[in-house]
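Q: Please read through the structure below; I'll follow up with questions.
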Amino acid sequence: MIFPDGTEALQNITFELSKGEFVTIVGPSGCGKSTLLKIASGLLEPTNGTVEVDRERLGYVFQDATLLPWRTVSKNVELLTELHGIDPQERKKLVEESIKLVKLEGFENHYPKSLSGGMKMRCSFARSLTLKPPLFLFDEPFGAVDEITREELNEDTQQLFKQEGFAGLFITHSISEAVFMSTKVLVMSARPGRLVKQFDIPFEYPRQPDLRFSADFAELCGEVSVALRGSHS
């Protein structure tokens, strides 16, 4: 991927993501992680190569929750079903199901200004869940919340991943988040971004919070850290 100003953002990126996989990409700042996600979503067209993605029902959770401030939680969650022309009765059912899945029951009539950062991200997640997408793209969605909330969102997301059966492509700067969430972690080099290392994550789902304190988890995080440090050179 080469931008009009001549900047080469990505180089020779090749990987597959299948149903039942949750793949996380880590790499140095500016290596092209978000660019890769934008290409996958169709927001950017690659300057060479091909991308095969079913974008008809694509879930996308951004770094910012991107909620409409004049709409309640329920109405924000309903937005994509409106745009897809889904029948109002079916929309109501999908909204209720999605709000329950992300644990926002009781906040349906609240506006975004009254929500915490974590609740806003749950609302954003629920909005995409209404379409029951086979693929979710996550662009550092939990980077702006506190550590405890982030861990809770990690736990809930990986449970939904197994429960709903979607594939996930996740971007993060957190090694522990990557290892905890994923079936596979890919390490990218500094710009132009290339895939330099792959780690298959062996832990069974659902993953419990105390996994983070196990020796195997710490060892794997250490291996990813070493690869990530090497990718900066």
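The numbers here are math on the coordinates, done by the rules we state, and not lab data. Since this is a predicted model, take the numbers as computed values, not measurements. Note that we place each Cβ from the backbone using ideal geometry, even for glycine, and neighbour counts take in every protein chain shown.
Q: Calculate how many DSSP beta bridges within the chain are antiparallel, expressed in % of all such bridges and rounded to the nearest 5.
A: 25
Q: Rank these for me by crowding, Ser116, Ser124, going from fewest to most other beta carbons within 10 Å.
A: The most exposed by this proxy come first: Ser116, Ser124.
Q: Can you spot the aspartates and glutamates whose alpha carbon is less than 14 Å from Lys100's alpha carbon? Ignore those fewer than 8 places along the same chain.
A: Glu78, Glu108, Asp156, Glu164
Q: Mind checking which lysines have their Cα closer than 18 Å to the Cα of Lys93? Skip sequence neighbours fewer than 8 apart in that chain.
A: Filter leaves Lys75, Lys103, Lys132.
Q: I've got another one for you. Among Cys31, Cys221, which comes first, second and so on when ranked by fewest other beta-carbon atoms within 10 Å?
A: In order of increasing Cβ crowding within 10 Å: Cys221, Cys31.
Q: If you line up the long axis of helix 147-164 against the longest principal axis of the chain, both from Cα atoms, how many degrees apart are they, to the nearest 10?
A: That helix lies at roughly 80 degrees to the long axis.
Q: I would also like to ask the following. Pull up the cross-link candidates among the aspartates and glutamates for Lys162, meaning alpha carbon to alpha carbon under 13 Å and not fewer than 8 places away within one chain.
A: Those aspartates and glutamates meeting the cut-off are Glu21, Glu204.
Q: Helix 117-129 versus the longest principal axis of the chain: what angle, 0 to 90°, nearest 10, using Cα atoms?
A: That works out to roughly 80 degrees.
Q: First select every other residue whose beta carbon is under 10 angstrom from the beta carbon of Pro112; then total the charges, Lys and Arg +1, Asp and Glu -1.
A: +3
Q: Turning to a different aspect of this structure: Under the rule that an exposed site lies in a DSSP loop and has at most 16 other Cβ atoms within 10 Å, name the longest stretch of the chain with no GluC sites (Glu not before Pro) of that kind, not counting the sites themselves.
A: Counting at most 16 other Cβ atoms within 10 Å as exposed, the longest clean stretch of the chain is 109-203.
Q: Rounded to the nearest Å, what's the spacing between the alpha carbon centres of the stretch 1-76 and the stretch 82-146? Just the number, please.
A: Going from one Cα centre to the other spans 19 Å.
Q: Sticking with this structure for a sec: Over the Cα atoms of the stretch 1-115, compute the convex hull volume and normalise it per residue, giving Å³.
A: So the per-residue hull volume is 168 Å³.
Q: Mind pulling the angle between the C-alpha long axis of helix 215-231 and the longest principal axis of the chain? Nearest 10 degrees, somewhere in 0 to 90.
A: Here the helix axis deviates by roughly 60 degrees.
Q: Find me the longest stretch of the chain that has none of the exposed chymotrypsin sites (Phe, Trp or Tyr not before Pro), where exposed means in a DSSP loop (not H, G, I, E or B) with at most 13 other Cβ atoms within 10 Å.
A: 71-233
Q: Could you line up Thr149, Thr81 from fewest to most neighbouring Cβ atoms inside 10 Å?
A: With the fewest neighbours first, Thr149, Thr81 line up as Thr149, Thr81.
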